[in-house]
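**Student:** Below are the structure tokens for one structure; questions will follow.
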Amino acid sequence: MSTLVGKAYHPINGATEQVWEGFSWPCLLFGCVWYGYKGMWGWAFIALFLAVATAGVSWLILPFFANEQYAKHLLSRGYFNEKQWGERANTPMSGTISSEPNNVKTSAVSELEKLVALKEKGALTDQEFVQLKDKILKL
């Protein structure tokens, strides 16, 4: 019932997650535990509450929407879809060093701004943020 429609790519480490469309059998079998396993804690609590409030009927309805919710969750966490990932691979790095010192300073600032935005989205852990920040500042 569900079909694989693509992958989502993490912008920093390149980790991939499969994106499915249609009915989610794992969500039907595991319910709120599936949401928690996927890191969607808000939906895990909502699914648990609905399962209790509806005497389990919601357990049969949520799997129809679970895969779409997970795809949106990945995009909100900063993951790229396949098209965005391909465009990113074809564009030159914005932090490349040129012969002009001003360009290096400007690109480092813009790279730091991008890192801060990714951290605020939750796509980076504190440790990843510090490592990447130190790497940029060493330019």
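**Student:** Among the helices (runs of 4 or more DSSP H) confined wholly to segment 16-92, which include 1 or more residues that are buried (at least 17 other Cβ atoms within 10 Å of the Cβ) and among the aromatic types (Phe, Trp, Tyr)? Walk me through how you get there before you give the answer.
**Tutor:** On the way: elements: 25-30, 32-37, 41-53, 58-61, 63-76, 82-90.
Fully inside segment 16-92 and qualifying: 32-37, 41-53, 58-61, 63-76, 82-90.
**Student:** Take the residues of segment 1-15 that are surrounded by 15 or more Cβ atoms within 10 Å (Cβ to Cβ) and among the hydroxyl-bearing types (Ser, Thr, Tyr): which is farthest from Leu74 (Cα to Cα)? Outline the logic, then answer.
**Tutor:** At the first step, the residues of segment 1-15 found to be surrounded by 15 or more Cβ atoms within 10 Å (Cβ to Cβ) are 2, 6-12.
Narrowing further to those that are among the hydroxyl-bearing types (Ser, Thr, Tyr): 2, 9.
On the way: Ser2: 18, Tyr9: 9 Å.
Only one residue fits best here, namely Ser2.
**Student:** Hey, does segment 52-63 have a residue that's closer than 30 Å to Glu128 by Cα and not assigned by TED's automatic domain parsing to the domain that holds Leu132?
**Tutor:** Residues of segment 52-63 that are closer than 30 Å to Glu128 by Cα, as a first pass: none.
No, segment 52-63 contains no residue that is closer than 30 Å to Glu128 by Cα and not assigned by TED's automatic domain parsing to the domain that holds Leu132.
The values are calculated or read from the model by the stated rules, or taken from the named source; none is laboratory data. Just so you know, these numbers come straight off a predicted model, no measurement behind them. For neighbour counting, all protein chains shown are included, and Cβ atoms are generated from backbone atoms with ideal geometry for every residue, glycine included.
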